[in-house]
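A.B. asks: I'd like to ask some things about the structure below.
The values are calculated or read from the model by the stated rules, or taken from the named source; none is laboratory data. Everything numeric in this text was worked out from a predicted model, so none of it was measured. Counting neighbours? That spans all protein chains shown, and the Cβs are built from the backbone with ideal geometry, glycine included.
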Amino acid sequence: MSRAEQAALVAYFNTFKLSRQVTAFKDLSDGKALMEVMATIDATHFKSVSNRTPTPTASSSSENWVLRMNTLKRLYRLLLSFPLPPPHATNLSLSNLPEPPFSTIAKASSTSEGSKGLAQICRLCLAVGVWAPGNEKVIGKIQGLRESYMAELMKSIEEVMATLPQEEGGDEGLQSPFGTSPIKQSAEFSPPLSGIRQERDKLLQDNDELKARCEKMIEQVEGLTSSLDEIKGERDDALERLAVARSDPTAAGAGLRTSQTATTAELDRLRTDLGKAEENLAHSENALAKQTHLVTELTKNIEELKEQAAEAVKLRDQVDEFKHAAERLKKSENVIEKYKKKLEDSAGLRREMRNLEEENAQLINTNAALETDLRKAGSSKGLIDSYKSQIETLEKSSREQATQITELKHQLELTRIELDDVSREYERDQSTLEAQEERLREIELGAPPLKRQGSRLSVIGGKTTLDDELGVLDEEGEGKIDTKTDLRLKIRALQRELSDLRAGRPGDSSRLATLETLLADANKSRDRYQSDYLQEHRSLLRLQATMERIRSGHGGDSTQTASAIRERLKEVLEERDELLKQKEALEVAREAVEKELGMAKTDLGLVNKDQKAILASLREGVAQDTVKLEEQIVTLKEQVVSLKEKDHQHLEDIKRLLLEKVDLQSAGIENKERELEKEKEFGDLRASLTSKGLPQETQQQLLSLLSQNTDLSAQVKSLDEKLQKAKSFIKQQDKMFREDHANIESGNFAEASKSYQLQITTLKEDLLKARQKSAAIENRYKLENRLMLSAWHDLGQRTIRDHISSAGLRKVQRPVASSWLGRQRRMQDEATFAR
């Protein structure tokens with residue numbers, strides 16, 4: 001319900017003449033102003049409310065919520081039973097709206113539920129006033145209000161019209177404001193209360209009819225008494241005339257005779273009339289006595305039914321309270337079960353907290369160690385410079401080796417060419433050897449013996465042909481002549497030497513190949529270590545630069561630092577992509593170098609012994625350098641891993657700080673908006689209060705209460721959010737606990753059982769305290785109910801006494817017979833009594 005509608009309803013009710021002016025919408029919660037307004041609209045239908053409301057409780061009705069609730073219920077019943085004209089529905093009991101919460105309206109009308117229920121009752125009062133017969137005055141009062149108030153009142157009337165059924169609404173489509181019955185009774189007391197109400201209504205109608213009949217009978221008795229008085233006057237006149245006639249018999253003799261017949265006839269007629277009147281009077285007195293007795297019995301029944309209805313209402317309220325108490329107990333049981341579940345989950349949470357604390361301690365120790373390593377790394381810059389110089393020397397040596405490899409490749413080409421020449425000469429020598437063997441056979445048959453001198457030829461060292469050797473033999477043959485067998489032996493020796501030389505070449509080449517493979521492996525490891533070292537050194541320098549930038553820009557909370565950190569994150573990601581690309585390119589280059597080295601292995605088969613010694617010494621130096629470099633690379637890798645972890649942690653911290661900054665900014669904006677809305681509301685409230693002419697103290701109090709209300713609502717929202725977060729956290733922990741429940745150890749189980757027992761004892765203590773509080777509250781409620789019952793009993797006794805006293809005062813006394821016959825009868829009775 002809007003404030004404009006509340007203001008419009010207050011203005012509408014203030015147009016009537018009320019005993020107390022309505023200043024706020026909550027002043028209508030006691031029902032007095034609404035009763036007065038409805039009594040002015042239709043005094044016959046709503047008179048029972050004001051007549052039956054005793055005066056002693058009128059002053060305390062605003063203080064006691066039970067009395068306010070009862071008055072609102074009676075008003076609500078009368079509104080629903082009010083007969084409407086034909087264009088509209090028969091009454092408002094055909095609506096489809098629920099019954100308003102009378103207890104919340106009477107206790108706390110400022111709440112949302114209470115204000116809604118009070119607005120519903122006010123709308124019904126407005127609709128009844130507009131639709132009742134003789135509604136011109138009400139419509140004129142509404143038209144005298146402001147246009148905004150008129151619009152709000154029309155909206156409220158349309159809401160009531162929308163709740164009436166279509167078939168009962170006529171041409172205008174009116175609908176009943178309430179679809180349920182006028183009074184929604186509980187399941188235990190609804191049938192007897194409805195019968196009691198019907199019987200009470202019938203008795204009230206019978207009481208009114210009997211009162212009307214009693215009034216008619218009293219009027220008849222008064223008419224008869226007046227006619228009897230007239231007859232008595234006439235009789236007295238006749239007796240006076242008779243006395244005068246008796247005193248003067250001569251003068252009035254003739255008149256007496258003439259009038260004696262008329263008077264005797266008239267006396268007979270009067271006697272008959274008097275007898276009839278006395279009989280009618282006796283009958284009417286009997287009927288009146290019966291009616292008075294019936295009225296007293298009916299009043300007693302009405303009072304008893306009133307007490308029963310009051311007790312039924314009290315019982316219904318007690319049933320509602322007991323239902324609320326049962327619901328609260330159910331909620332408390334659910335809360336206890338939730339606490340038990342939380343206790344079961346808390347052991348796992350404690351274990352996880354211990355593990356997390358241990359991990360936190362380990363991380364703190366590792367952080368301290370990493371900081372010391374960073375300091376050492378800062379102090380080891382000199383070593384890094386020395387490593388750089390060693391790397392440069394190694395690069396120079398690798399370049400020299402590359403030049404040597406190119407020279408060896410050139411020599412290998414030359415040796416290949418020479419090998420081709422030697423192979424061609426060998427083939428040619430084979431042909432010449434066959435020719436010389438034939439010649440040798442011829443010489444063996446007839447030639448002189450050959451001479452043998454110390455040969456200066458060396459098959460291994462120089463290049464000699466078979467012709468040269470044969471020429472030498474020819475030269476030596478002059479001094480010595482060899483036989484055929486000697487020549488064969490020499491040929492075999494030469495062949496063995498040739499085979500030995502041919503067999504010795506592959507062994508040397510294999511030895512050289514192994515040396516070359518070792519050299520290639522050493523070069524590979526050296527290149528790999530150099531590339532890894534350079535890469536890690538560059539990443540270390542970059543990480544140091546990022547750490548310095550983060551440390552320099554971490555202090556502020558401005559958007560510039562946040563943007564700088566974001567740019568730095570982007571640069572780090574780009575550098576990572578570039579490093580990955582460089583790594584792929586280096587892998588391709590490494591594969592190419594491996595292929596070249598594989599080709600160089602085959603080409604280095606003809607290296608001299610001096611070069612082998614150089615390679616061995618180089619291998620030993622490279623092995624020592626590789627061992628040192630491996631140690632340095634291991635340390636650098638460890639440093640790089642630690643720095644990567646630190647960088648990851650710092651990035652997570654930066655992201656978290658950025659998120660916190662965004663949350664704080666959004667929270668600040670929301671707080672500013674709330675403060676602006678609060679200022680607007682306070683301004684509107686101040687303007688409305690100043691327009692109403694309230695003093696400054698009350699205005700300040702209202703504003704302070706409004707601010708406290710807004711703060712409390714904000715706190716309630718925050719507590720709800722925290723509760724939701726706690727629920728989600730508890731659910732997550734429950735899942736984790738159920739997953740880890742199978743891995744619980746015996747020691748942990750003992751600790752968990754101890755913690756569970758402690759928590760169960762604390763919860764039992766809390767439960768006992770809650771039960772004691774609930775028992776105290778129940779005792780207080782019982783005491784209040786007793787006081788209310790005693791007050792109601794005293795009030796009922798007082799009303800009964802008032803009714804009895806008023807009935808005794810209104811009781812018509814039987815008139816003393818003053819006629820002549822009556823006096824004669826009384827005189828005879830007294831004479832008989834005297835005898």
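A.B. asks: Restricting to segment 789-808, what's the tally of residues that are over 21 Å from Asn70 (Cβ atoms) and basic (Lys, Arg)?
C.D. replies: Applying the first criterion (over 21 Å from Asn70 (Cβ atoms)) to segment 789-808 yields 801, 804-808.
Those still in the list that are basic (Lys, Arg) too: 801.
Selection size over segment 789-808: 1.
A.B. asks: Among the listed residues Ala752, Ala687, Ala726, which satisfies the condition of being assigned to a helix (DSSP H, G or I), of a type outside the set (Ser, Thr, Tyr) and at pLDDT below 75? Working first, answer last.
C.D. replies: Values: Ala687 fails: at pLDDT below 75; Ala726 fails: at pLDDT below 75.
Exactly one residue qualifies, and that residue is Ala752.
A.B. asks: Please work out which one of (1) buried (at least 20 other Cβ atoms within 10 Å of the Cβ); (2) within 41 Å of the chain's Cα centre (by Cα) is the condition Phe82 fails and give its number.
C.D. replies: Of (1) buried (at least 20 other Cβ atoms within 10 Å of the Cβ); (2) within 41 Å of the chain's Cα centre (by Cα), only one is false for Phe82: (2).
A.B. asks: Since Thr393 meets every condition but one in (1) under 30 Å from Gln495 (Cβ atoms); (2) modelled with pLDDT of 80 or more; (3) among the β-branched types (Val, Ile, Thr), which condition does it not meet?
C.D. replies: Looking at each condition in turn, Thr393 falls short on (1).
A.B. asks: What number of residues within segment 136-149 are touching a residue at least 60 places away in the same chain (Cβ under 8 Å) and surrounded by fewer than 18 Cβ atoms within 10 Å (Cβ to Cβ)? Explain how you work it out, then say what you get.
C.D. replies: Our first condition is that a residue be touching a residue at least 60 places away in the same chain (Cβ under 8 Å); within segment 136-149, this holds for 138, 141-142, 144-146, 148-149.
Applying the additional criterion that residues be surrounded by fewer than 18 Cβ atoms within 10 Å (Cβ to Cβ) yields 141, 144-146, 148.
Residues flagged as touching a residue at least 60 places away in the same chain (Cβ under 8 Å) and surrounded by fewer than 18 Cβ atoms within 10 Å (Cβ to Cβ) within segment 136-149 amount to 5.
A.B. asks: Pick from Glu371, Glu321, Glu266: which is part of a helix (DSSP H, G or I) and in contact with a Phe, Trp or Tyr (Cβ under 8 Å, 6 or more places away or on another chain)? Write out each step before concluding.
C.D. replies: Values: Glu371 fails: in contact with a Phe, Trp or Tyr (Cβ under 8 Å, 6 or more places away or on another chain); Glu266 fails: in contact with a Phe, Trp or Tyr (Cβ under 8 Å, 6 or more places away or on another chain).
Going through Glu371, Glu321, Glu266 in turn, just one is part of a helix (DSSP H, G or I) and in contact with a Phe, Trp or Tyr (Cβ under 8 Å, 6 or more places away or on another chain): Glu321.
Rundown of residues vs (1) modelled with pLDDT of 85 or more; (2) in contact with a His (Cβ under 8 Å, 6 or more places away or on another chain); (3) under 21 Å from Pro133 (Cα atoms), yes/no style:
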{"site": "Thr23", "(1), (2), (3)": "yes, no, no"}
{"site": "Met35", "(1), (2), (3)": "yes, no, yes"}
{"site": "Phe46", "(1), (2), (3)": "no, no, yes"}
{"site": "Val49", "(1), (2), (3)": "no, no, yes"}
{"site": "Thr71", "(1), (2), (3)": "yes, no, no"}
{"site": "Leu78", "(1), (2), (3)": "yes, yes, yes"}
{"site": "Pro85", "(1), (2), (3)": "no, no, yes"}
{"site": "Asn96", "(1), (2), (3)": "no, no, no"}
{"site": "Lys107", "(1), (2), (3)": "no, no, no"}
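A.B. asks: Do we have Arg74 as under 40 Å from the mean Cα position of the chain (by Cα), basic (Lys, Arg) and not in a loop (DSSP other than H, G, I, E, B) here?
C.D. replies: For Arg74, the condition - under 40 Å from the mean Cα position of the chain (by Cα), basic (Lys, Arg) and not in a loop (DSSP other than H, G, I, E, B) - is not met.
A.B. asks: Scan segment 284-306 and tell me whether some residue there is of a type outside the set (S, T, N, Q), surrounded by 12 or more Cβ atoms within 10 Å (Cβ to Cβ) and either in contact with a Ser or Thr (Cβ under 7 Å, 6 or more places away or on another chain) or outside the structural domain of Leu224 (by TED's automatic domain parsing) (or both).
C.D. replies: no
A.B. asks: Name the pairs: first residue in segment 688-707 and more than 15 Å from Ala7 (Cβ to Cβ), second residue surrounded by 14 or more Cβ atoms within 10 Å (Cβ to Cβ) and of a type in the set (A, V, I, L, M), Cβ to Cβ under 7 Å, at least 6 apart or on different chains?
C.D. replies: If the second residue must be surrounded by 14 or more Cβ atoms within 10 Å (Cβ to Cβ) and of a type in the set (A, V, I, L, M), the pairs left are Gln699/Leu689; Leu702/Leu685; Leu702/Leu689; Leu703/Leu685; Leu706/Leu685.
A.B. asks: Say whether the condition of being hydroxyl-bearing (Ser, Thr, Tyr) and either surrounded by 15 or more Cβ atoms within 10 Å (Cβ to Cβ) or not in a helix (DSSP H, G or I) (or both) is met by at least one residue in segment 654-668.
C.D. replies: Of segment 654-668, the ones hydroxyl-bearing (Ser, Thr, Tyr) are 666.
The next check asks that each one be either surrounded by 15 or more Cβ atoms within 10 Å (Cβ to Cβ) or not in a helix (DSSP H, G or I) (or both); those that pass are none.
Within segment 654-668, none of the residues are hydroxyl-bearing (Ser, Thr, Tyr) and either surrounded by 15 or more Cβ atoms within 10 Å (Cβ to Cβ) or not in a helix (DSSP H, G or I) (or both).
A.B. asks: Still on this structure: Considering segment 13-32 alone, what residues qualify as being farther than 22 Å from Lys47 by Cβ and surrounded by 23 or more Cβ atoms within 10 Å (Cβ to Cβ)?
C.D. replies: Ser29
A.B. asks: Which condition does Lys725 not pass, out of (1) under 19 Å from the mean Cα position of the chain (by Cα); (2) under 30 Å from Val572 (Cβ atoms), if it passes all the others?
C.D. replies: The single condition Lys725 does not satisfy is (2).
A.B. asks: Looking only at residues that are closer than 15 Å to Ala39 by Cα and not hydrophobic (A, V, I, L, M, F, W, C) in segment 112-135, which one is surrounded by the most Cβ atoms within 10 Å (Cβ to Cβ)?
C.D. replies: Going through the qualifying residues, I end up with Gly129.
A.B. asks: Taking segment 676-706 only, how many residues are exposed (fewer than 11 other Cβ atoms within 10 Å of the Cβ) and under 24 Å from the mean Cα position of the chain (by Cα)?
C.D. replies: Result for segment 676-706: 0.
A.B. asks: Which residues, taken from segment 1-29, are among the charged types (D, E, K, R) and either under 15 Å from Thr111 (Cα atoms) or in contact with a Gly (Cβ under 9 Å, 6 or more places away or on another chain) (or both)? Quick ask: steps written out before the conclusion?
C.D. replies: Taking segment 1-29 and keeping what is among the charged types (D, E, K, R), we get 3, 5, 17, 20, 26-27.
Those that are among the charged types (D, E, K, R) and either under 15 Å from Thr111 (Cα atoms) or in contact with a Gly (Cβ under 9 Å, 6 or more places away or on another chain) (or both): Arg3, Lys26, Asp27.
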